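First the structure, in the form of structure tokens, and then the observations on it.
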Amino acid sequence: MATNETEALAGVGISPVQTLPGTVRAATPGVKGFDANTVITPAIAKAFVDAGYKFAIRYVGRLTMANHDLTTKEALTILEAGLALMIVQHFKGEGWKPTAALGTQYGKNAGRFTKEIGVPAGVNVWCDLEGVAAGTPRQNVIDFCNNWHGKVSEAGYEPGLYVGFGPGLGPKALFEKLAFKHYWRAFNLNSDQVPAVRGVQLRQKTGKGTIGGLTTQVYDDDFTQTDALDGNAIWLAPD
């Protein structure tokens, strides 16, 4: 990335006026939540709660925060509605090329933006690994993931990996070569591509029907479970 672009990032973000309320704890297995790339208003949050949803996963940026990304105000809205909260970072787009440098940069920003929102330490922040360009060296993907993990961990959060179609690594490498202990399976991930040994703690499926005005093009369903090594996702639960 150009030097002037890097320098422009230094002033991005607003320090939180408060740390978000709630309890950081292991997610309850066997419950349904959703992830959405749009602002969750009080009316939308209530609609999801009324439909039986227990948690929400919202986005932070890679380089800057967009107007549809999570804010402190929205996070409070989610928690006050009775939904637990986790964070995921946008990925670069189909056909992108992971590198160690990008892992460091994106991971640092994921941790910084999450902290600026006021999310307390220990909550899962998820890296979106999908759509890797064909022919990308496997080591580049490994270095990206582990550098991202390191920076998010340094910021005080628990790194997780969302594994979608085209992750650039097979099941064995996803488990053996990466530092992650939390995995989230995308709706479009083939069953033979699930991380080996550990498995996943979140399963994504396409949403069913419009909820609170949000169509299935905007949100997906997610389901918690305990993985094969007795691990669970970690969320911020409302008080």
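The values are calculated or read from the model by the stated rules, or taken from the named source; none is laboratory data. Nothing here was measured: the structure is a model prediction, and the numbers come from that model. Every residue, glycine among them, receives a Cβ derived from its backbone with ideal geometry; neighbour counts consider all protein chains shown. Remember, those area values only see protein heavy atoms, side chains included, never the ligands or the DNA or RNA. Shrake-Rupley method; radii C 1.70, N 1.55, O 1.52, S 1.80 Å.
Quick one: in the range 79-103, which of the residues that are assigned to a strand (DSSP E or B) and of a type in the set (Val, Ile, Thr) is surrounded by the most Cβ atoms within 10 Å (Cβ to Cβ)?
For the range 79-103, the residue satisfying everything is Ile87.
Take Ala173 and decide whether it is among the small types (Gly, Ala, Ser), touching a helix residue (DSSP H, G or I) at 6+ places or on another chain (Cβ under 7 Å) and in a helix (DSSP H, G or I). Talk me through it step by step, then tell me what you get.
Values: among the small types (Gly, Ala, Ser): yes; touching a helix residue (DSSP H, G or I) at 6+ places or on another chain (Cβ under 7 Å): yes; in a helix (DSSP H, G or I): yes.
Criteria met by Ala173.
Which members of the range 41-62 meet the condition of being within 29 Å of Phe144 (Cβ to Cβ) and among the hydrophobic types (A, V, I, L, M, F, W, C)?
Residues of the range 41-62 that are within 29 Å of Phe144 (Cβ to Cβ), as a first pass: 55-62.
Within the range 41-62, Phe55, Ala56, Ile57, Val60 meet the criteria.
Does the range 133-153 include one or more residues that are in contact (Cβ under 8 Å) with a residue 40 or more places away in the chain, open to solvent by 20 Å² or more (accessible area, probe 1.4 Å), in contact with a Ser or Thr (Cβ under 9 Å, 6 or more places away or on another chain) and of a type in the set (Asp, Glu)?
yes
Looking only at the range 199-217, which residues are open to solvent by 20 Å² or more (accessible area, probe 1.4 Å) and either touching a His at 6+ places or on another chain (Cβ under 9 Å) or closer than 18 Å to Val132 by Cα (or both)?
Within the range 199-217, none qualify.
Run down Tyr106, Tyr59 and say which single residue is within 14 Å of the chain's Cα centre (by Cα) and part of a helix (DSSP H, G or I).
Testing whether each residue is within 14 Å of the chain's Cα centre (by Cα) and part of a helix (DSSP H, G or I) leaves just Tyr106.
State which residue pairs qualify: first residue under 24 Å from His90 (Cα atoms) and without any contact (Cβ under 8 Å) to a residue 40 or more places away in the chain and inside the range 29-49, second residue assigned to a loop (DSSP other than H, G, I, E, B) and open to solvent by 60 Å² or more (accessible area, probe 1.4 Å) in any location, beta carbons under 7 Å apart, and separation of 6 or more residues or different chains.
Val39/His68
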